[in-house]
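Undergrad: Pasting in a structure now, in structure tokens, and then I'll have a few things to ask.
The values are calculated or read from the model by the stated rules, or taken from the named source; none is laboratory data. Since we're looking at a predicted model, the values are computed, not measured. Every residue, glycine as well, gets a Cβ built from its backbone with ideal geometry; the counts of neighbours run over all protein chains shown. For accessibility, only protein heavy atoms count, side chains too; no ligands or nucleic acids. Shrake-Rupley method; radii C 1.70, N 1.55, O 1.52, S 1.80 Å.
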Amino acid sequence: MTGASLEDHLSPADIEALFRPYGEAKGLPGRAYGAAFFALEQKRLFPRLWCAVAFASDMPEPGDAMPVDLAGWPLLLVRGKDRVIRAFHNICRHRAMKIVLEPCKTMSALACPWHAWTYDLGGKLVSTPRIGGERENSDPNFDTAGLDLKPVRTAQWLDLVFVNIDGRAPPFDEHMKPLNALLEAYDFSSLERAEEWSVVYPGNWKVSVEGAIEDYHLPWGHPQLLKGVRRGYPALHFARDCFYANSSAREFATTPDPGTAMAADAGFPPILRPDGDGLMRTFFMSLFPTGSFQTRANHVLQGLFLPDGPESTKVRFIHYYPGTTATDPAFAKARQEVAKAWETVFVQDVPFVRAVHENYQRRDDAGIDTRVAPFWERNVLEFQRNVVELLKD
């Protein structure tokens, strides 16, 4: 089948160039951001990883159900009577209709809208109306054993729901160990949900993520983030298959202007503790491949970068604050300013994603490679290498 393996898309020379030493390496060719390569990722990358797909707080009560899409894989999340969220392929075992088309609340069972095959909240097939005739809900010639919804491995970290479609990823706790170690200076125990916002990036999911895990572009793309900064202490961190993060501990010569993302940190109880160097370090990271997490001195942002086909990425973030500050009216204006300031940052990236994606479709013909700055962008290179390593197998 054409396009069924990595070798159909990348030459040995392409791969060799990607794995050269920092400073010499070349980025992925443009065809790695197109539809054919995305089809390969759908089949061989997303199913084998722990992928963030939803926010648990979107479905707080037993019987809440929500369809989600992971790079073209239709999934169904259901909170059971035991309050545990489970995932299934959103595919009826009859003739492949989606069981749930829109989020629904406090359901006692899940009925396929096409022929009403009905499943309980644990995915068990419990009813096949009229299958044997006008008044017959069973048929001696049709065995329904083994026709429950097909489950998908599920886990949760803070408010993010993760799935592993092929069931072969490492145990989730083991998978998250390097991330938990990186964030050990934070106290997330009292976080509560607050404001949210979303944006659509007009580009391939990799373009969208790559722009989010490097700070090289901040002075020109988001100058408000650095206004008043006297000195920064940037660093890069990554763990294969788990996360790609940049971090900074910034010293301000002047107080940031009111209404900016940096100034909005004031007035909330802190959740950050000094790191091993005594620095108050904040992080922005991709939870590879579809999650996102940002820490601030007194709140966090949890997010999703969900591919919507090969040329679009749906981005959604929710802010979380400690305790009652997430809902206290006294903090409402400050919370709204925080949310607006960070939404503005991500909207500023929209034209960058669009233009870079458009050039990725053309630059191969022009014979133009991309290069990666070793100090600022090693994570971009490691991110691309991770994609290729997953597709090699």
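Undergrad: With ALA355, ALA332 as the choices, which residue is assigned to a helix (DSSP H, G or I), open to solvent by 20 Å² or more (accessible area, probe 1.4 Å) and under 29 Å from ALA32 (Cβ atoms)?
TA: On the way: ALA332 fails: under 29 Å from ALA32 (Cβ atoms).
Residue meeting the stated conditions: ALA355.
Undergrad: Moving on to the next point. Hey, among the residues in the stretch 184-204 that are open to solvent by less than 40 Å² (accessible area, probe 1.4 Å) and either more than 18 Å from the chain's Cα centre (by Cα) or more than 18 Å from GLN302 (Cα to Cα) (or both), which one's modelled with the lowest pLDDT?
TA: To start, the set of residues in the stretch 184-204 that are open to solvent by less than 40 Å² (accessible area, probe 1.4 Å) comprises 185-186, 188, 191, 194, 197, 199, 201-204.
Applying the additional criterion that residues be either more than 18 Å from the chain's Cα centre (by Cα) or more than 18 Å from GLN302 (Cα to Cα) (or both) yields 185-186, 188, 191, 194, 202-204.
On the way: ALA185: 83, TYR186: 87, PHE188: 92, LEU191: 94, ALA194: 97, PRO202: 98, GLY203: 97, ASN204: 98.
Looking at the filtered set, the residue picked out is ALA185.
Undergrad: Here's another thing I want to ask about it. Of PHE383, PHE375, PHE352, which residue is of a type in the set (Phe, Trp, Tyr) and either touching a Pro at 6+ places or on another chain (Cβ under 7 Å) or over 21 Å from THR313 (Cα atoms) (or both)?
TA: Working: PHE383 fails: either touching a Pro at 6+ places or on another chain (Cβ under 7 Å) or over 21 Å from THR313 (Cα atoms) (or both); PHE352 fails: either touching a Pro at 6+ places or on another chain (Cβ under 7 Å) or over 21 Å from THR313 (Cα atoms) (or both).
Answer to the check: PHE375.
Undergrad: In addition: Among residues belonging to the stretch 217-226 that are surrounded by 16 or more Cβ atoms within 10 Å (Cβ to Cβ) and not hydrophobic (A, V, I, L, M, F, W, C), point out the one that is farthest from PHE383 (Cα to Cα).
TA: Ranking the candidates gives GLN224 first.
Undergrad: Taking the criterion of being open to solvent by 20 Å² or more (accessible area, probe 1.4 Å) and modelled with pLDDT of 90 or more, would at least one residue in the stretch 240-260 satisfy it? Don't jump to the end; show me each part of the working.
TA: Step one: of the stretch 240-260, the residues open to solvent by 20 Å² or more (accessible area, probe 1.4 Å) are 240-241, 250-260.
With modelled with pLDDT of 90 or more added as a condition, the list becomes 240-241.
Checking the stretch 240-260: at least one residue is open to solvent by 20 Å² or more (accessible area, probe 1.4 Å) and modelled with pLDDT of 90 or more.
Undergrad: Which one is farthest from VAL350 (Cα to Cα), of the residues in the stretch 194-215 that are of a type in the set (Ser, Thr, Tyr) and out of contact with any Pro (no Cβ under 9 Å at 6 or more places or on another chain)? Step through it out loud before you land on a result.
TA: From the stretch 194-215, those of a type in the set (Ser, Thr, Tyr) are 198, 201, 208; that's our starting set.
This time we only want the ones that are out of contact with any Pro (no Cβ under 9 Å at 6 or more places or on another chain), so: 198, 201.
Values: SER198: 12, TYR201: 6 Å.
The selected residue is SER198.
Undergrad: Related question: Among the candidates THR118, THR128, THR154, which residue alone is among the polar types (S, T, N, Q) and closer than 30 Å to ASN180 by Cβ? Walk me through how you get there before you give the answer.
TA: Details: THR118 fails: closer than 30 Å to ASN180 by Cβ; THR128 fails: closer than 30 Å to ASN180 by Cβ.
When all the criteria are applied, what remains is THR154.
Undergrad: Another question, if that's okay. Checking MET97 against (1) farther than 22 Å from ALA71 by Cα; (2) hydrophobic (A, V, I, L, M, F, W, C); (3) surrounded by fewer than 16 Cβ atoms within 10 Å (Cβ to Cβ), which test does it fail?
TA: (1)
Undergrad: Pick from the stretch 78-94 the residues that are open to solvent by 60 Å² or more (accessible area, probe 1.4 Å) and assigned to a loop (DSSP other than H, G, I, E, B): which of them is farthest from PRO60 (Cα to Cα)? Break it down into steps so the answer makes sense when it comes.
TA: Taking the stretch 78-94 as the starting set, the residues that turn out to be open to solvent by 60 Å² or more (accessible area, probe 1.4 Å) are 81-84, 86, 91, 93-94.
Now drop any that are not assigned to a loop (DSSP other than H, G, I, E, B), which leaves 81-84, 91, 93-94.
Values: LYS81: 11, ASP82: 12, ARG83: 8, VAL84: 10, ILE91: 23, ARG93: 27, HIS94: 29 Å.
So, considering only residues that are open to solvent by 60 Å² or more (accessible area, probe 1.4 Å) and assigned to a loop (DSSP other than H, G, I, E, B), the one farthest from PRO60 (Cα to Cα) is HIS94.
Undergrad: So which pairs qualify, if the first residue must be in the stretch 42-62 and at negative phi and open to solvent by less than 10 Å² (accessible area, probe 1.4 Å), the second must be of a type in the set (Val, Ile, Thr) and part of a helix (DSSP H, G or I), the Cβ gap must be under 7 Å, and the two must be at least 6 apart or on different chains?
TA: Filtered contacts from the stretch 42-62: LEU45/VAL387.
Undergrad: So which residues in the stretch 337-380 are of a type in the set (Lys, Arg), in contact with a Ser or Thr (Cβ under 9 Å, 6 or more places away or on another chain) and closer than 19 Å to LEU301 by Cβ, if there are any at all?
TA: none
Undergrad: Then there's this: Identify, please: which residue in the stretch 269-283 is of a type in the set (A, V, I, L, M, F, W, C), part of a loop (DSSP other than H, G, I, E, B) and modelled with pLDDT of 80 or more and is, among those, surrounded by the fewest Cβ atoms within 10 Å (Cβ to Cβ)? Walk me through how you get there before you give the answer.
TA: From the stretch 269-283, those of a type in the set (A, V, I, L, M, F, W, C) are 271-272, 279-280, 283; that's our starting set.
Right, trim to part of a loop (DSSP other than H, G, I, E, B) and you get 271, 279-280.
If we keep only those that are modelled with pLDDT of 80 or more too, we end up with 271, 280.
On the way: ILE271: 21, MET280: 16.
Residue satisfying both the conditions and the ranking: MET280.
Undergrad: If you don't mind, another one. State the number of residues belonging to the stretch 1-22 that are more than 15 Å from ARG385 (Cβ to Cβ), open to solvent by 70 Å² or more (accessible area, probe 1.4 Å) and in a loop (DSSP other than H, G, I, E, B).
TA: 2
Undergrad: Oh, and also: Listed residues HIS319, HIS299; which is modelled with pLDDT of 95 or more and not acidic (Asp, Glu)?
TA: HIS319
Undergrad: Pick from the stretch 44-74 the residues that are part of a helix (DSSP H, G or I) and of a type in the set (Gly, Ala, Ser): which of them is nearest to ALA239 (Cα to Cα)? Full working, then the answer.
TA: Filtering the stretch 44-74 for residues part of a helix (DSSP H, G or I) gives 44, 46-48, 56-58.
Imposing the further condition that a residue be of a type in the set (Gly, Ala, Ser) reduces the set to 56-57.
On the way: ALA56: 25, SER57: 27 Å.
Ranking the candidates gives ALA56 first.
Undergrad: Can you tell which of VAL53, VAL100, VAL78, VAL84 is among the β-branched types (Val, Ile, Thr) and within 30 Å of GLN361 (Cα to Cα)?
TA: Working: VAL100 fails: within 30 Å of GLN361 (Cα to Cα); VAL78 fails: within 30 Å of GLN361 (Cα to Cα); VAL84 fails: within 30 Å of GLN361 (Cα to Cα).
When all the criteria are applied, what remains is VAL53.
Undergrad: Can you name every residue in the stretch 23-43 that is of a type outside the set (A, V, I, L, M, F, W, C), part of a helix (DSSP H, G or I) and touching a Lys or Arg at 6+ places or on another chain (Cβ under 7 Å)?
TA: Applying the first criterion (of a type outside the set (A, V, I, L, M, F, W, C)) to the stretch 23-43 yields 23-24, 26-27, 29-31, 33-34, 41-43.
Filter once more, keeping what is part of a helix (DSSP H, G or I): 30-31, 33, 41-43.
Within the stretch 23-43, GLY30, TYR33 meet the criteria.
Undergrad: Report whether or not ARG378 is open to solvent by 20 Å² or more (accessible area, probe 1.4 Å), in a helix (DSSP H, G or I), in contact (Cβ under 8 Å) with a residue 60 or more places away in the chain and over 22 Å from ALA36 (Cα atoms). Steps first, please.
TA: Working: open to solvent by 20 Å² or more (accessible area, probe 1.4 Å): yes; in a helix (DSSP H, G or I): yes; in contact (Cβ under 8 Å) with a residue 60 or more places away in the chain: yes; over 22 Å from ALA36 (Cα atoms): yes.
It is true that ARG378 is open to solvent by 20 Å² or more (accessible area, probe 1.4 Å), in a helix (DSSP H, G or I), in contact (Cβ under 8 Å) with a residue 60 or more places away in the chain and over 22 Å from ALA36 (Cα atoms).
Undergrad: Can you pull out every residue in the stretch 124-164 that is surrounded by 17 or more Cβ atoms within 10 Å (Cβ to Cβ) and acidic (Asp, Glu)?
TA: Across the stretch 124-164, the qualifying residue is only ASP159.
Undergrad: Go through (1) hydroxyl-bearing (Ser, Thr, Tyr); (2) buried (at least 18 other Cβ atoms within 10 Å of the Cβ); (3) modelled with pLDDT of 95 or more for THR344 and report which single condition fails.
TA: THR344 satisfies all of (1) hydroxyl-bearing (Ser, Thr, Tyr); (2) buried (at least 18 other Cβ atoms within 10 Å of the Cβ); (3) modelled with pLDDT of 95 or more except (2).
Here is a yes/no grid of residues against (1) free of Cβ contacts under 8 Å to residues at least 24 places away in the same chain; (2) touching a helix residue (DSSP H, G or I) at 6+ places or on another chain (Cβ under 8 Å):
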site	(1), (2)
THR295	no, no
GLN302	no, no
PHE305	no, yes
ARG316	no, no
HIS319	no, yes
ALA330	yes, no
ALA334	no, yes
VAL345	no, yes
